[in-house]
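One structure is given below, encoded as structure tokens.
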Amino acid sequence: MHEQFRQIRTFLRHSERILGSMKRLMVTSSIEGEGKSFVAGNIAVSMANAGKKVVLIELDLYQPKLFDMLDSDLEFGITDYLLGNATKEKILGLTTIKNLYFVPAGNLIESPSELLLSEKLSMFLNELDEEFDVLIIDTPPL
């Protein structure tokens, strides 16, 4: 299975020659349970193993799964940051995998859609663009 993720990484690298630089990769699915978080996480690991400085961002604020998959010990996440309850330093953590950082969903709230439309999120992603080679964003299913 690792080989399939290396093939995806290679495809993305070659696509940059045609499409230009791609800093952000959003992973979604048509319905819940198709494995999008698994795919996002494994692409992030594959790119980090290739020497890219990667941040994996858990923006599925409805049913986040990456926090448990990565066995993170971060107390806060993106929702906390967007609500003004945490700083960037409190939500961005290095994983056990070299070059791979993680931003968890954080404390779940009732109306996460409003947070995803905030200017603060756009500014946060732009800031991460400056620090990382690749941003991989796990989004909710369509």
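The values are calculated or read from the model by the stated rules, or taken from the named source; none is laboratory data. In this text, all values refer to a predicted model and were calculated from it rather than measured experimentally. Because the Cβ atoms are built from the backbone with ideal geometry, glycine has one as well, and the counts that use them run over all protein chains shown. Calculation scope for accessible area: heavy atoms of the full protein, side chains included, ligands and nucleic acids excluded. Shrake-Rupley method; radii C 1.70, N 1.55, O 1.52, S 1.80 Å.
Contact annotation: residue pairs with Cβ atoms under 7 Å, 6 or more positions apart or on different chains, pairing a residue in segment 40-68 that is in contact (Cβ under 8 Å) with a residue 40 or more places away in the chain with a partner that is acidic (D, E) and part of a loop (DSSP other than H, G, I, E, B), are K52/D133; K53/D133; V54/D133; Q63/E32.
For segment 48-63, residues that are open to solvent by 20 Å² or more (accessible area, probe 1.4 Å) and either touching a Gly at 6+ places or on another chain (Cβ under 8 Å) or assigned to a helix (DSSP H, G or I) (or both) total 1. Taken across segment 28-43, residues that are acidic (D, E), in a loop (DSSP other than H, G, I, E, B) and open to solvent by less than 70 Å² (accessible area, probe 1.4 Å) do not occur at all. Of the residues making up segment 98-120, those that are open to solvent by less than 40 Å² (accessible area, probe 1.4 Å), at positive phi and of a type in the set (S, T, N, Q) number 0.
Table: residues versus (1) of a type in the set (A, V, I, L, M, F, W, C); (2) free of Cβ contacts under 8 Å to residues at least 12 places away in the same chain; (3) within 18 Å of F67 (Cβ to Cβ).
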position: I97; (1), (2), (3): yes, no, yes
position: V103; (1), (2), (3): yes, no, yes
position: E110; (1), (2), (3): no, yes, no
position: L117; (1), (2), (3): yes, yes, no
position: S122; (1), (2), (3): no, yes, no
position: E127; (1), (2), (3): no, no, no
position: E130; (1), (2), (3): no, yes, no
position: D133; (1), (2), (3): no, no, no
